[in-house]
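See structure below.
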Amino acid sequence: MGKVLIIGAGGVGTVVVHKVAQNPDVFTEIMLASRTKSKCDAIAADVKKRTGVEIKTAQVDADIVPELVKLFNEFKPEIVINVALPYQDLTIMDACLEAGVNYLDTANYEPIDEAKFEYSWQWAYKERFEKAGLTAILGCGFDPGVSGVYTAYAAKHHFDEMHYLDIVDCNAGDHGKAFATNFNPEINIREVTQKGRYWENGAWVTTEPHEIHQPINYPNIGPKESYVIYHEELESLVKNYPTIKRARFWMTFGQEYLTHLRVIQNIGMASIEPIIYNGVEIVPIQFLKAVLPNPGELGENYTGETSIGCRIKGIKDGQEKTYYVYNNCSHQAAYDETGAQGVSYTTGVPAMIGAMMFLKGEWRKAGVYNVEEFNPDPFMEALNVHGLPWHEVHGLDLEV
């Protein structure tokens, strides 16, 4: 049905390539590219062993638009799945426009020199993609991604008006390491150490990091202390669903993790400001990334599961209604299938499904869109087929 080019050979890229290869009726030709070709080659060899599907590989620096354009023009993909770093979103979007290629990513752009999460940079490309007749799908991981599709599905089928939205994200897994992040450490630490932020009564409310927290019960897991942090999909969801009075994002952290995080911050290792060390300029958080465990290699001994969902309160047929839709994902099952842990799996599978929706013509319109702006139904059906089955609960105590 279509050629796909995947950029990024980390844990999420590993999952995307495996899941794309499992659907040869949709993805007729596949290329994986990253800065380090040997990583692509290793993933391609594992995919060939598991599925028999051949994956082409290439070296590309996603910071350099001409390099990207050259690769796009040579391979001629119909869509690019960007699972590189969020710093590289705009260069890849620029290259897609120049080469006439459609675009999908899993995380919004952020500048390398500022810990700031905002869709404005990518939304600014809307007119250019419209004029080019190209589709750009933003934030098609789990959160953002499935969380937005869940919300769109709830709005379409279960509510006349949504008033309160709480996205709840629990990782109850154990990787056996003293401290490790489940995706790129540089991005992960920047995300969880910034101030909290949530939407209430038409305005953003800012909190100190981890200031608001409480135990939340997660299916098959039980109560876990959960913290309000800022997450990018809140920005697009309150824009696209203006009846929402309050929208928050909750994430679980263990006490040991938070203690390590505080130490990292207190000694300056979370800093993104360059310093000179032995005559060489280094960025502390980038150095820290180099010495921490590779998130892509955590899977083998990872036990437990993740639980991510949306808890929504609103009005249906004049009556107040509560609704919870969620997925639980086993780290071990994810590793057995793809060689990656559950956090990479829950991000990589939706990226594949989003590209599938585009190639099948379900999610195809010129411009730049967040996932909740498309029809959620075919995507929700595909989640059940491709490894992330979802469950619904009606009329429950939302706890938050």
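Here are some notes:
- Each residue in the stretch 72-86 was checked for being open to solvent by less than 30 Å² (accessible area, probe 1.4 Å) and either among the hydroxyl-bearing types (Ser, Thr, Tyr) or over 15 Å from residue 5 (Cα atoms) (or both), and 1 of them qualify.
- Any hit, the stretch 24-43, residues being surrounded by fewer than 15 Cβ atoms within 10 Å (Cβ to Cβ), polar (S, T, N, Q), assigned to a loop (DSSP other than H, G, I, E, B) and without any contact (Cβ under 8 Å) to a residue 40 or more places away in the chain: yes
- Residues of the stretch 46-66 satisfying the condition of being open to solvent by less than 60 Å² (accessible area, probe 1.4 Å) and outside any loop (DSSP other than H, G, I, E, B): 46, 47, 51, 57, 58, 65
- Tabulated pairs, the stretch 150-163, first outside any helix (DSSP H, G or I), second of a type in the set (Gly, Ala, Ser), C-beta under 6 angstrom, 6+ apart or interchain: 159/314; 161/314; 162/155; 162/314; 163/314
- The requirement of being in contact with a Lys or Arg (Cβ under 8 Å, 6 or more places away or on another chain) and either part of a loop (DSSP other than H, G, I, E, B) or within 29 Å of residue 225 (Cβ to Cβ) (or both) is fulfilled somewhere in the stretch 104-111, by at least one residue.
- Breaking point among (1) open to solvent by 40 Å² or more (accessible area, probe 1.4 Å); (2) part of a loop (DSSP other than H, G, I, E, B); (3) closer than 26 Å to residue 9 by Cβ, for residue 337: (2)
- In the stretch 309-334, the residues that are open to solvent by 10 Å² or more (accessible area, probe 1.4 Å), touching a residue at least 60 places away in the same chain (Cβ under 8 Å) and of a type in the set (D, E, K, R): 313, 316, 317, 321
- One residue from 212, 229, 267, 275 being hydrophobic (A, V, I, L, M, F, W, C), surrounded by fewer than 19 Cβ atoms within 10 Å (Cβ to Cβ) and touching a Gly at 6+ places or on another chain (Cβ under 8 Å): 212
- Qualifying residues in the stretch 278-293 (those that are out of contact with any helix residue (DSSP H, G or I) (no Cβ under 8 Å at 6 or more places or on another chain) and surrounded by 10 or more Cβ atoms within 10 Å (Cβ to Cβ)) - the one farthest from residue 182 (Cα to Cα): 282
The values are calculated or read from the model by the stated rules, or taken from the named source; none is laboratory data. Note that the coordinates shown come from a computational prediction; the quantities given were computed from them, not determined experimentally. Cβ atoms come from the backbone with ideal geometry, glycine included; neighbour counts cover every protein chain shown. Note: areas computed on protein heavy atoms with side chains; ligands, DNA, RNA excluded. Shrake-Rupley method; radii C 1.70, N 1.55, O 1.52, S 1.80 Å.
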